[in-house]
Each structure stands twice: as C-alpha cells, then as structure tokens.
Amino acid sequence: MSKIRLMGRNHSDELYTPKEAFEVLAPYLPKAVILEGALGTGRLKAIMEQAGFEVRGTDNYQAYEGEYDVMVTNPPFSKKDMFLAEAYKRGKPFAMLLPITALEGIKRQKLYQKYGIQILLPKRRTDFNGKKSPWFYVAWFCWKLLPQQMIFIQELKGQGE
C-alpha cells in the first residue's frame, strides 16, 4: 500500500511512501513483473512505474491470483503478519517496508527462522510526513532479493551527512 495507517489510542495517521524509500530498494530489484500487494492510493505503484518497472496492483493480496515475479509493498502495519505469512506461502521474492519493530513478535520470528529474512536498512529514518521529523524507523524486509542477509545503506540520494 502506498500509505501507512498508524492507529494509536488518540489518533490516526496516514503516511504515504516517499520516493526516497523506494530508491534504496530499486537497485536490488530484478527487471520483472512486480506486484504491489497493498495498492491503496497507488503512489508506490506509480513510483515503481516511473523507475521503469512493470507493476500490477491489488488491495486484496490474499485473493490475488494474477501472475507476478516479485512482490513489493508497504502493507498496513496492523496486517504485517498476514502479509508475511502469505508471501512466504507463495514462495516468491518479496520486499515489504515495515517498522524495524517487525523483527519482534513470536509469530514473525518463527517465520524468519523457518524461511529466513533479509533486511535493507536505510541510514536515516524515512520522512513519511514531509516535515523532516520522522518518529520511527522502517526498513525493507526482503526474501530472496538481496545479496546478503543485511545491507546498511550509507546515504540516500541527495542527502548529506
């Protein structure tokens, strides 16, 4: 999904995937058919298409039966367990933009131990709100995409030290 909805006790925020978040992942993606499994507004799909990728989209990943080679998505964080389980079940490479806290959790850790996980870790927090004040850290959680288990991105395009 190209937006993230965070629900708290007293608020609800919608955060849209910035182009910079995709740019750190793009060099690791094969030129293949990509599925955006949580389409939402279509912003992430448009960013990927502008980068030259062939992208299909759905808002119902579990029911999607079309052809694709790699799934790239920014799923609703509240549904990350479902997305991860379904992605592993399908057996195709994937990349999901998730909070770093998605490393926690008994269900997720069982999946990671059984199948493996690769992490693409940006140097800085992702600025979802455009205010240059991101309050949480996200990373690309990947499977069968990266050349090693963990990659630290040193610098995002256009950002200095």
remark   = Expected output for the stretch 38-55 (first residue exposed (fewer than 15 other Cβ atoms within 10 Å of the Cβ), partner in a strand (DSSP E or B) and polar (S, T, N, Q), Cβ below 6 Å, 6+ apart or cross-chain) is none
note = Taking the stretch 131-153 and keeping residues open to solvent by 60 Å² or more (accessible area, probe 1.4 Å) and under 18 Å from Asn74 (Cβ atoms) leaves Trp135
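Closer than 15 Å to Leu39 by Cα, open to solvent by 20 Å² or more (accessible area, probe 1.4 Å) and under 16 Å from the mean Cα position of the chain (by Cα): is that true of Pro76 in this structure?
Working: closer than 15 Å to Leu39 by Cα: yes; open to solvent by 20 Å² or more (accessible area, probe 1.4 Å): yes; under 16 Å from the mean Cα position of the chain (by Cα): yes.
Here the answer is yes, as Pro76 does meet what is asked.
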inquiry  = If I ask for residues that are in a loop (DSSP other than H, G, I, E, B) and β-branched (Val, Ile, Thr), which ones from the stretch 20-57 would you list?
reply    = Val24, Thr41
ask   = Is there any pair with a first residue in the stretch 64-76 that is outside any loop (DSSP other than H, G, I, E, B) and a second that is of a type outside the set (A, V, I, L, M) whose Cβ atoms are under 6 Å apart and which are 6 or more apart or on different chains, and what are they?
value = Val70/Pro93; Met71/Gly37; Met71/Phe94; Thr73/Glu36; Thr73/Gly37
message = Among the residues in the stretch 15-27, are any farther than 25 Å from Arg124 by Cα and either open to solvent by less than 20 Å² (accessible area, probe 1.4 Å) or of a type in the set (Gly, Ala, Ser) (or both)?
response = no
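Given the criteria within 27 Å of Gln149 (Cβ to Cβ), modelled with pLDDT of 95 or more and of a type in the set (D, E, K, R), does Glu86 qualify? Can you show your working first?
Working: within 27 Å of Gln149 (Cβ to Cβ): yes; modelled with pLDDT of 95 or more: yes; of a type in the set (D, E, K, R): yes.
When the stated conditions are applied, Glu86 passes them.
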remark   = Counting only residues that are out of contact with any helix residue (DSSP H, G or I) (no Cβ under 7 Å at 6 or more places or on another chain) and open to solvent by 30 Å² or more (accessible area, probe 1.4 Å), the stretch 106-117 contains a total of 5
key: Every residue from the stretch 80-100 that is out of contact with any Phe, Trp or Tyr (no Cβ under 8 Å at 6 or more places or on another chain) and under 19 Å from Phe128 (Cα atoms)   = Lys80
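The values are calculated or read from the model by the stated rules, or taken from the named source; none is laboratory data. Note that this is a predicted model, so its numbers are computed, not measured. Methodologically, a virtual Cβ is constructed for each residue, glycine included, from the backbone with ideal geometry; neighbour enumeration extends over all protein chains shown. Accessible surface areas use protein heavy atoms only, side chains included; no ligands, DNA or RNA. Shrake-Rupley method; radii C 1.70, N 1.55, O 1.52, S 1.80 Å.
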